[in-house]
1. Considering only residues that are farther than 17 Å from Gly170 by Cβ and at pLDDT 80 or above, look in region 56-73 and name the one that is surrounded by the most Cβ atoms within 10 Å (Cβ to Cβ).
2. Inside region 186-290, counting only strands (runs of 3 or more DSSP E) that do not spill past its ends, which hold 3 or more residues that are of a type in the set (A, V, I, L, M)?
3. Would you be able to tell me the number of residues in region 198-218 that are crowded, with 16+ Cβ neighbours inside 10 Å and either within 19 Å of Ala132 (Cα to Cα) or small (Gly, Ala, Ser) (or both)?
4. Taking the condition modelled with pLDDT under 75, of a type in the set (Asp, Glu) and either part of a helix (DSSP H, G or I) or closer than 30 Å to Lys32 by Cβ (or both), does Glu93 pass?
5. Can you tell which of His145, His140 is on the phi > 0 side of the Ramachandran plot and at pLDDT 85 or above?
6. Pick out the one residue from Leu128, Leu164, Leu150, Leu136 that is surrounded by fewer than 20 Cβ atoms within 10 Å (Cβ to Cβ) and within 27 Å of Pro231 (Cβ to Cβ).
Amino acid sequence: MKPSILLGAPEREERRRITVRTRRPYPIFLYKYRPQIDKWVEKTLLDSEIFLSSRSQFNDPMDIVYQVTPAATDEIRWKRYAELVKSQGGTYEDLRTLWRAAGTPDSEIASQRRVLDQIIDTTGIHSLSETARSMLMWSHYADDHKGICLQFYLPAGFEAVQGLFPVEYGDEMKTLEYRNPETNHLAPFKFKSQEWKYEQEWRILRPMQAKTSLSLPHAMLKGIIFGSRCPLSVKQHAVKINEQRIEKGMHPLYMMQTQLSQHYYHIGISSIDSTLPAGWRGRRTTRSPLGFRE
């Protein structure tokens, strides 16, 4: 597939702008693995809407968890309460009342957890992957390679997904210090167990929008990639949806097919109406995201 087809000149220029103006360059494409074309996938394909999940809907009960610690000393605790009262235009008597009501460090931690859990549980989250060639992702999220993977072209909708960030992986939960203004309260969303590192995950966050939808520019969705075991009925369904897109005045989606290497544990991807070269062997790694050279 020629790069010029997917990456039109205006979009290439937009990608360069994004890369230059952000500290961490964003990927060209992000992907969403799905086991089938259900009602939400149809919503994405026909209306460019994606579902924003809540934490409770995640498959990992240790995702978006954290530790809370109290301030190191009573002096620091007092100082932070004083800053809070001052910012609200309160008096010294208000500060004393708040201090008495705060109780012990343990009760402060419990209070902080209630506040943070309320914020987290109402935040809408949409997860994407940086790669379309992950064996594990096709197995876990695309019904053992029988499902599909949606391809999103980020430069075409960068403004619509402001706040998009990559997930980082490690062994320890992030610790939030009570009422520390320097604490990064997004940390629980940004970190998870290193056992999930293969996902190469990026997340879109929307406060107070859990279990709702987010509209994206139509130009963001570029293609559908079919798993190596994807049945013909699913492909035919996708073709019909593509025809509906054209009738609505939307651009047609590129249809792509995965192919398993006979030499390495690797997945290749080609246009659905063509095949990979006869001498294609695959590569020794599956970590490189699907992309097209400019």
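1. Per the criteria, the residue is Val68.
2. 221-226, 254-260
3. Residues in region 198-218 being crowded, with 16+ Cβ neighbours inside 10 Å and either within 19 Å of Ala132 (Cα to Cα) or small (Gly, Ala, Ser) (or both): 9 in total.
4. No: the conditions fail for Glu93.
5. Sole residue among the options that is on the phi > 0 side of the Ramachandran plot and at pLDDT 85 or above: His145.
6. Only one candidate qualifies: Leu136.
A quick yes/no check of all residues on (1) among the β-branched types (Val, Ile, Thr); (2) crowded, with 18+ Cβ neighbours inside 10 Å; (3) modelled with pLDDT of 95 or more; (4) under 29 Å from Glu83 (Cα atoms):
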| residue | (1), (2), (3), (4) |
| --- | --- |
| Leu176 | no, yes, no, yes |
| Lys192 | no, yes, no, no |
| Lys222 | no, yes, yes, no |
| Phe226 | no, yes, yes, no |
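The values are calculated or read from the model by the stated rules, or taken from the named source; none is laboratory data. Keep in mind it's a predicted model, so treat the numbers as computed, not measured. Cβ sites come from the backbone with ideal geometry, for glycine too, and all protein chains shown count toward neighbours.
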